[in-house]
1. Taking a ≥ b ≥ c as the square roots of the Cα gyration tensor eigenvalues, with a/c under 1.5 meaning rounded and otherwise prolate when a/b beats b/c, else oblate, which class fits segment 86-150?
2. For Leu58, what residues show an amide H to amide H distance below 5 Å, using hydrogens built from the backbone and excluding near sequence neighbours?
3. What is the set of long-range amide H partners of Tyr99 at a cut-off below 5 Å, with H atoms built 1.01 Å from backbone N?
4. Of all accessible surface on segment 94-169 at a 1.4 Å probe, what whole percent is carbon and sulfur?
5. Around Glu103, what is the net charge, scoring Lys/Arg as +1 and Asp/Glu as -1 over all other residues with Cβ under 13 Å from its Cβ?
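The values are calculated or read from the model by the stated rules, or taken from the named source; none is laboratory data. Keep in mind it's a predicted model, so treat the numbers as computed, not measured. No Cβ is skipped: glycine too gets one built from the backbone with ideal geometry, and neighbour counts run over all protein chains shown. Calculation scope for accessible area: heavy atoms of the full protein, side chains included, ligands and nucleic acids excluded. Shrake-Rupley method; radii C 1.70, N 1.55, O 1.52, S 1.80 Å.
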Amino acid sequence: MSRLMIDSFRGFRTLELRSQGHVVLSGVPRAGRSDVISALSRVLLPESSRTSPALSDLWQTTVPSAATGGDEPGKDGEAGDGQPLPAEQPSSSVEPRPYANVEVTLTDLDPELEQLFEGFLERTDADGCAVPEDQAMPGAPWCVRLAYRLMYDSDLEALEHFYYPLASSPGASQFTRVPASTRRALPVVILKGLLH
């Protein structure tokens, strides 16, 4: 992996991590280490698609709402019973974002993986990021960008998630799903015992 991008997933509004080799993820409790591991798992591990997504997987935003009064107001700032009205207290509610995205860029692919992702490979720049073919240096290494998207329909109160290569035009809501067999071929091991 050379790049992880998180948008509105769990405790992260936005996060970008880049690596050139091994990474040690450390931090105080509740710093978000498990959220980073969960984000990577959603993209890279096929068994994560068997887990139903939860509303708590979406970044929560606080939305101010109108204050509500108990009594019908009378005249001159008094309640209907002639007593002064209490000062209005601002109130708010917590609402989930309508989507979450996790994107992983994989570089240093072996020939078998390159063949597996044929049609979704992109050239990389010197930083290991994908670039359009016409902007790539001749012979630049290949990469594949895989993504996980969780979408929430507030009208239906329904969650739906997709696993797809980014070359499948997510901006046009056209997703080419990544089969579990393809994700199973990725050399990924997560040692859950180390997450505590």
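1. prolate
2. Excluding prolines and chain starts, which carry no amide H, the hits are Arg10.
3. Result for Tyr99 returns Tyr152.
4. Whole-percent figure for carbon plus sulfur exposure: 47.
5. +2
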